[in-house]
Each structure stands twice: as structure tokens, then as C-alpha cells.
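Notes for the one structure printed next.
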Amino acid sequence: HSPGVQPADLEEVVRKGVKTVVIGRGMSKALQVPPSTVEYLKNNGIDVLVLQTEKAVEEYNALAAQGVKVGGVFHSTC
């Protein structure tokens, strides 16, 4: 859970040309998302949402339903 989601973990998602990335930190928000990861996404012109996994899935689905080009990384436990 530490160091958590790193910029390198998101390179493929960035290459896909998404406009938003939703990161689910787990059911108890145990997965870390360091500031460098958020900064990496923002520097690539990507909006980022870091949420508890259930909320992250809801947000991802809502954005996808609106036609937003969205990517997601979801930690399903912890």
C-alpha cells in the first residue's frame, strides 16, 4: 500500500489519451496516492479524482456515461 500508485503505474493510461483518471484507494482507503502521482497526471493535462473505491467506481461510471474519456485504477481491498 506504500508507496502506492506511482506515475509509472499510469503511463499506459496516459498514453490512451484520457481526460480524467479516477483512482480508487481501496475500501478503507489504505492504498497511498502520493502528490507526485497527482502532479504527473495534472502535468499531462489530465484531471484526477482520488476516492474510496466504491465512490471511485460510481464516479467512473457516471463520467463514462456522460461520454468523458475516463481511465480508472481501482484497488479492490483494504
*Pop out the Kirkwood hydrodynamic radius of the range 6-52 from its pairwise C-alpha distances, inverse of mean 1/r, in Å to one decimal.*
10.8 Å
*Quick one: length gained pulling His1 to Lys16 fully straight, 0.36 nm per residue minus the C-alpha distance?*
2.9 nm
*If you place +1 on the Cβ of every Lys and Arg, -1 on the Cβ of every Asp and Glu, and leave all else neutral, what size is the dipole of the chain about its Cα centre, to the nearest 20 Debye?*
80 debye
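Each value in this text was obtained by applying a stated rule to the coordinates, not by laboratory testing. In this text the structure is predicted, and so the values were computed from the model without any measurement. With ideal geometry, Cβ positions are generated from the backbone for all residues, glycine too; neighbour counts draw on all protein chains shown.
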